[in-house]
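Report on one structure; see the data block that follows.
The values are calculated or read from the model by the stated rules, or taken from the named source; none is laboratory data. Being a predicted model, the structure only gives us computed values, none of them experimental. Note that each Cβ is placed from the backbone with ideal geometry, even for glycine, and that neighbours are counted across all protein chains shown. Heavy atoms of the whole protein, side chains included, go into the accessibility calculation; ligands, DNA and RNA do not. Shrake-Rupley method; radii C 1.70, N 1.55, O 1.52, S 1.80 Å.
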Amino acid sequence: MTVAGSFGFAALGTGADALASGADTRVRYWNLFSGGDGYNMIAMLDSFRAEHPDTEVKDSTLQWGSPFYTKLAMAAAGNRAPDLGVMHLGRVTGFSPGRLLDPWDTDLLAKYGVREADFNPELWKRGVIDGKLYALPLDIHVQLCFYRKDVLERAGLLDPDGRMVRVTSTDEWFDVLKEARKATAKGLQTIGLWHNDQNFQWWFFVAFYTQLGGTWFNDAQTEVTFDTGKATQVLEFLRRHITDGHADPGFGGGAGAEQFVNGAPFAWEGNWSVPVFDGAKLDYGATPLPPVFGRQATHAESHAFVLPHQADRGGAADEGAHRLAAHVVRNALAWAGGGHIPAHTPTLTTDAYRKLTPQSEYVSAMDHQATEPKVWFAGSTGILAQRVGPLVVSSTVGSAAPDAVARRMESTLTRLLATKNPMDGRTAAQGGALA
């Protein structure tokens, strides 16, 4: 993911149409990566091509967001699907696994060095539906608390290791913000937190609601278990950043990152901002969102490889898709350069990864992921974010009271749970046994 304009995937490119010299297998691969992620993916594809000259990869980069998912669904339904695709893991449940997606052959993946034991168990399980693996995780991308070491040093807010002091409560967090503000140059806000963006505000809500142990639905996905009391606590916490004067209402959206570059002490951003801040040559660090409610949890999504449905799936192209996905997953150090945390855990223990900063500082996020509920309407920029995100924004910016917004969120969840999944015509409650 990129920072520009909040969502910067809008490139359209295609790979070569002809088989490469000497190749006897073609793998058609659709992805949604542009910008820095696009360059990193191309580097990994070129590595595969160099090692497997017998396999030609025809890669296409499509427009990020709803257009990508619409085109992928139409291609799968019309038997025109590519051999390999990429999806956000949170969208897989709603993508009619078994009809629009084909399951992975885990034995074939193991043949090429990718095994369940090499992944975080909860992350792997998110891709399993009805006992079959439908999504092979490539990474997790997380929301982080970026901090300027130079400013925090002046404020006395760095620990002996040169990292931001740990906070474990909302009072401690706001005390940190007060001290940081004293060391901040005039004209700069204390923290940028995308207060008027429905996606970021939703992601932050998911993180802190998870810290409180909040739930969404029962195990059978038939009843809403959303806790409006806990939700109100989170909404009041987010709102307080503005009422206490730490987040300036005039610096919404990407202005928070710009302020951070110019000397603001904090910015809550996705890990895809790492290349941006590296390029600005800042003295900075990054940590998972602070555990202000006592429990470690930071919002995480995942890019994952999928097999769009093909009526005749199998043969050389299908094996090539397994081989390609396995290669990229196992050689994702370049992907970490974009700030993402590789899903393949052996990569995280290498000396090369441990030397990456600030990536090695927030790698612990792999073990405390706050994810959206596993329902058909969830997932990156999905219907859930579109319906609930604006409600969170209304509370954060002060146009609606937190307790009233919490009740509206509960009502919205109830309506969505009763709504049919347009991908397969079944209600969310009848959507199959989830892992």
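Looking at Y112, Y134, which one is more than 30 Å from G162 (Cβ to Cβ) and buried (at least 19 other Cβ atoms within 10 Å of the Cβ)?
Numbers: Y112 fails: buried (at least 19 other Cβ atoms within 10 Å of the Cβ).
Result: Y134 is the single residue among Y112, Y134 that is more than 30 Å from G162 (Cβ to Cβ) and buried (at least 19 other Cβ atoms within 10 Å of the Cβ).
Listed by first and then second residue, the pairs linking a residue in the stretch 143-155 that is over 16 Å from P358 (Cα atoms) to a residue that is polar (S, T, N, Q), with Cβ atoms under 7 Å apart and 6 or more places separating them unless they lie on different chains, are V151/T184. Would you call G214 among the small types (G, A, S), within 17 Å of G398 (Cα to Cα) and crowded, with 18+ Cβ neighbours inside 10 Å? Considered against the rule, which asks whether it is among the small types (G, A, S), within 17 Å of G398 (Cα to Cα) and crowded, with 18+ Cβ neighbours inside 10 Å, G214 comes out as no. With respect to the stated conditions, P290 fails to be under 18 Å from the mean Cα position of the chain (by Cα), at pLDDT 95 or above and under 18 Å from R115 (Cα atoms). Reported count of residues in the stretch 271-283, each being buried (at least 23 other Cβ atoms within 10 Å of the Cβ) and not in a helix (DSSP H, G or I), is 0.
Filtering the stretch 366-414 to residues that are in contact (Cβ under 8 Å) with a residue 24 or more places away in the chain, within 24 Å of I242 (Cα to Cα), open to solvent by 10 Å² or more (accessible area, probe 1.4 Å) and touching a Leu at 6+ places or on another chain (Cβ under 9 Å) leaves R387, P402, D403. Criterion applied to A220, A231, A264 was being in a loop (DSSP other than H, G, I, E, B) and modelled with pLDDT of 95 or more, and the one residue passing it is A264.
Report yes if some residue within the stretch 357-367 is within 20 Å of M87 (Cβ to Cβ), among the hydroxyl-bearing types (S, T, Y) and modelled with pLDDT of 95 or more; otherwise report no. Walk me through how you get there before you give the answer.
Filtering the stretch 357-367 down to residues within 20 Å of M87 (Cβ to Cβ) leaves 366.
Still in the list and also among the hydroxyl-bearing types (S, T, Y): none.
No, every residue in the stretch 357-367 fails to be within 20 Å of M87 (Cβ to Cβ), among the hydroxyl-bearing types (S, T, Y) and modelled with pLDDT of 95 or more.
Of the candidates T93, T61, T55, T70, the single residue that is of a type in the set (S, T, N, Q) and more than 24 Å from the chain's Cα centre (by Cα) is T55. Of the residues making up the stretch 313-338, those that are touching a residue at least 24 places away in the same chain (Cβ under 8 Å) and either among the aromatic types (F, W, Y) or open to solvent by 10 Å² or more (accessible area, probe 1.4 Å) (or both) number 12.
Would it be correct to say that F266 is over 28 Å from P103 (Cβ atoms), of a type in the set (A, V, I, L, M, F, W, C), crowded, with 24+ Cβ neighbours inside 10 Å and more than 16 Å from the chain's Cα centre (by Cα)? Judged against the criteria, F266 is a match.
Scanning the stretch 366-399 for residues that are in a loop (DSSP other than H, G, I, E, B) and among the basic types (K, R) gives a single hit, K374. Residues in the stretch 137-148: is at least one surrounded by fewer than 20 Cβ atoms within 10 Å (Cβ to Cβ) and either aromatic (F, W, Y) or at pLDDT 95 or above (or both)? No; the residues of the stretch 137-148 include none that is surrounded by fewer than 20 Cβ atoms within 10 Å (Cβ to Cβ) and either aromatic (F, W, Y) or at pLDDT 95 or above (or both). Within the stretch 355-365, the set of residues being within 12 Å of G339 (Cβ to Cβ), in contact (Cβ under 8 Å) with a residue 60 or more places away in the chain and outside any loop (DSSP other than H, G, I, E, B) comprises Q359, E361, Y362, A365.
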